[in-house]
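To keep things clear, I will list the structure first and then write my remarks on it.
The values are calculated or read from the model by the stated rules, or taken from the named source; none is laboratory data. If you're wondering where the values come from, they're calculated on a predicted model, not measured in any experiment. Positions of Cβ are generated from backbone atoms using ideal geometry, with glycine treated the same way; all protein chains shown enter the neighbour counts. With ligands, DNA and RNA removed, areas are computed over all heavy atoms of the protein, side chains included. Shrake-Rupley method; radii C 1.70, N 1.55, O 1.52, S 1.80 Å.
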Amino acid sequence: MNRVAGKVVLITGAARGQGRSHAVHLADEGADIIAFDLCEDIASNEYPLATEADLEETGRLVEKAGRRVVTAKVDVRDRAALKRELDAAVATLGRLDVVVANAGIAPLGNDVPVQGFVDAFDVDFVGVINTIHSALPHLDAGASIIATGSVAGLVPQTGLNGQQALQGPGGDGYGLAKKMLWTYTTSLALTLGPKSIRVNAIHPTNCNTDMLQSPPMFRTFRPDLENPTAEDAKVTFPFMQAMPTPWVEPEDISHAVVFLSSDESRFVTGQQLRVDAGAGLKLGV
Ligand SMILES: NC(=O)c1ccc[n+]([C@@H]2O[C@H](COP(=O)([O-])OP(=O)(O)OC[C@H]3O[C@@H](n4cnc5c(N)ncnc54)[C@H](O)[C@@H]3O)[C@@H](O)[C@H]2O)c1
C-alpha cells in the first residue's frame, strides 16, 4: 500500500471520472494530492462537466485515505492561474513528484459550431501543455509526467468504415489534440531523459465515465438512430475493442497511472501505453 509513499501528485480534471479515481488510488498508495478542476460547463460541450461539489468529494476521499490534499478550481486553459495555484499548492505540500494531465472534453456532434474545435484543442492539447509546463520548474530527478490521450483520438479523422470517426469540429479538435500528445510526449521524454524525469502517455479506450455516458457519444456510436439512449449505445460500444467489453473502468486506467507514478517504472519513458482491451489492435493505431 506504499507504492508512491511520500510523493506529491498533481491531477487535472480531478473532480470526477478518471481523475478522481487516480486521486483515490494514488492516495491509497501513500501520495498527497493536488486536485484541480474547472468545475464549470463549457458552452460547446453538450454534456455537463464536473461541479465544485464533485471536487470537494474527491478531496474528502483523499483525506479519508489518510493523505493530504489541496483542491482548487482551475481552468487548464489559463496558464497564469494554473501556475499561481500550483505554486501555492506546492508551497503547502512541500514538493511535486508526479503530474497527471488528465482534464479533457469531447464536444462531439455535427451541429457543434467551429468553437467546438477551439475548445477541444485548447482543453485537450493546450491545457496539457499548460499543466506540464507550469509543473516543470518544480520537478527533479525521479519525477514522472503522465498525459492522458485516447485511442479513439488516434484514429485518422477520415475514419472508420467511411464514417467520420469523431463527429464535427469538436471531434476534429479532439482527434488533433490527442494525436499531437503522442509527438509532444515523445519529444519531451527525449528532452527530459538526461534529467532523469520520465514522460509517458496513456491512451484509454471507451472508459465508463460521464464523458462516455453522454448523448454526443451515444450518437457517435449509433449514427443510425436519431436520439440513441445509453442502452442503444451499449450495443455497439463493444465493437471498438478486441476483447469482449463495452468499456474499461476508471480504475483500469488508475492502475497504469499508479505504476507510471511509482519508482517501479523508473526506466519507463517515452511510452504510449494503450489501456484499451485491444481497441488499438482493431483500429490499427
Ligand atoms: N471516457 C472515455 O471514454 C475516454 C476515452 C479516452 C480518453 N479519455 C480521456 O480521459 C480523460 C478524463 O476524462 P473522463 O473520461 O474522466 O471524463 P470526465 O468528463 O468524467 O472527466 C473530465 C474532467 O475534466 C474536467 N475539465 C474539463 N475541462 C477542464 C478545464 N478546462 N480545466 C480543468 N478541468 C477541466 C471536467 O470538469 C471533468 O471533471 C480526458 O482527457 C479524456 O479525453 C476518455
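Among the conditions (1) more than 14 Å from the ligand (Cβ to nearest atom); (2) touching a residue at least 12 places away in the same chain (Cβ under 8 Å), the only one that LYS64 does not satisfy is (2). Could you look through the stretch 191-214, keep only residues that are open to solvent by 20 Å² or more (accessible area, probe 1.4 Å) and touching a helix residue (DSSP H, G or I) at 6+ places or on another chain (Cβ under 9 Å), and pick out the one that is farthest from ALA101 (Cα to Cα)? Selected residue: GLN213. One residue stands out in the stretch 141-153 among those that are touching a residue at least 60 places away in the same chain (Cβ under 8 Å) and more than 16 Å from the ligand (Cβ to nearest atom): the one that is least open to solvent (accessible area, probe 1.4 Å), namely SER144. Looking only at the stretch 8-20, which residues are open to solvent by less than 10 Å² (accessible area, probe 1.4 Å) and either farther than 13 Å from ARG68 by Cβ or within 15 Å of the ligand (Cβ to nearest atom) (or both)? Once the filter is applied, which keeps residues that are open to solvent by less than 10 Å² (accessible area, probe 1.4 Å) and either farther than 13 Å from ARG68 by Cβ or within 15 Å of the ligand (Cβ to nearest atom) (or both), the stretch 8-20 yields LEU10, ILE11, THR12, ALA14, ALA15, GLY19. So which residues in the stretch 62-74 are surrounded by 20 or more Cβ atoms within 10 Å (Cβ to Cβ) and of a type outside the set (S, T, N, Q), if there are any at all? Residues satisfying the conditions are VAL62, ARG67, VAL69, VAL70, VAL74. Restricting the stretch 200-216 to residues that are of a type in the set (A, V, I, L, M, F, W, C) and assigned to a strand (DSSP E or B), the residue that is farthest from the ligand (Cβ to nearest atom) is ALA201. Might you let me know whether the stretch 197-218 holds any residue that is over 28 Å from ALA89 (Cβ atoms), out of contact with any Leu (no Cβ under 9 Å at 6 or more places or on another chain) and hydrophobic (A, V, I, L, M, F, W, C)? Yes, some residue in the stretch 197-218 is over 28 Å from ALA89 (Cβ atoms), out of contact with any Leu (no Cβ under 9 Å at 6 or more places or on another chain) and hydrophobic (A, V, I, L, M, F, W, C).
All of THR245, THR269 fail the test of being polar (S, T, N, Q) and under 20 Å from the mean Cα position of the chain (by Cα), apart from THR269. Taking the listed residues GLY116, GLY104, GLY59, the one that is open to solvent by less than 60 Å² (accessible area, probe 1.4 Å), closer than 17 Å to ALA23 by Cβ and assigned to a helix (DSSP H, G or I) is GLY59, with no other qualifying. Answer yes or no: is there a residue in the stretch 30-37 that is near the ligand (Cβ under 8 Å from one of its atoms) and crowded, with 23+ Cβ neighbours inside 10 Å. Yes: one or more hits.
Taking the stretch 223-244 as the range and being free of Cβ contacts under 8 Å to residues at least 24 places away in the same chain and not in a helix (DSSP H, G or I) as the test, the residues that pass are ASP224, LEU225, GLU226, ASN227, PRO228, THR229, PRO244.
Of all residues in the stretch 124-134 being among the aliphatic types (A, V, I, L, M) and surrounded by fewer than 24 Cβ atoms within 10 Å (Cβ to Cβ), which is farthest from LEU108 (Cα to Cα)?
The extreme case among them is ILE132.
All told, HIS138 meets the bar of being surrounded by fewer than 23 Cβ atoms within 10 Å (Cβ to Cβ), without any contact (Cβ under 8 Å) to a residue 60 or more places away in the chain and in contact with a Leu (Cβ under 6 Å, 6 or more places away or on another chain). In the condition set (1) more than 9 Å from the ligand (Cβ to nearest atom); (2) open to solvent by less than 10 Å² (accessible area, probe 1.4 Å); (3) outside any helix (DSSP H, G or I); (4) of a type outside the set (S, T, N, Q), ALA23 is compliant with all but (3).
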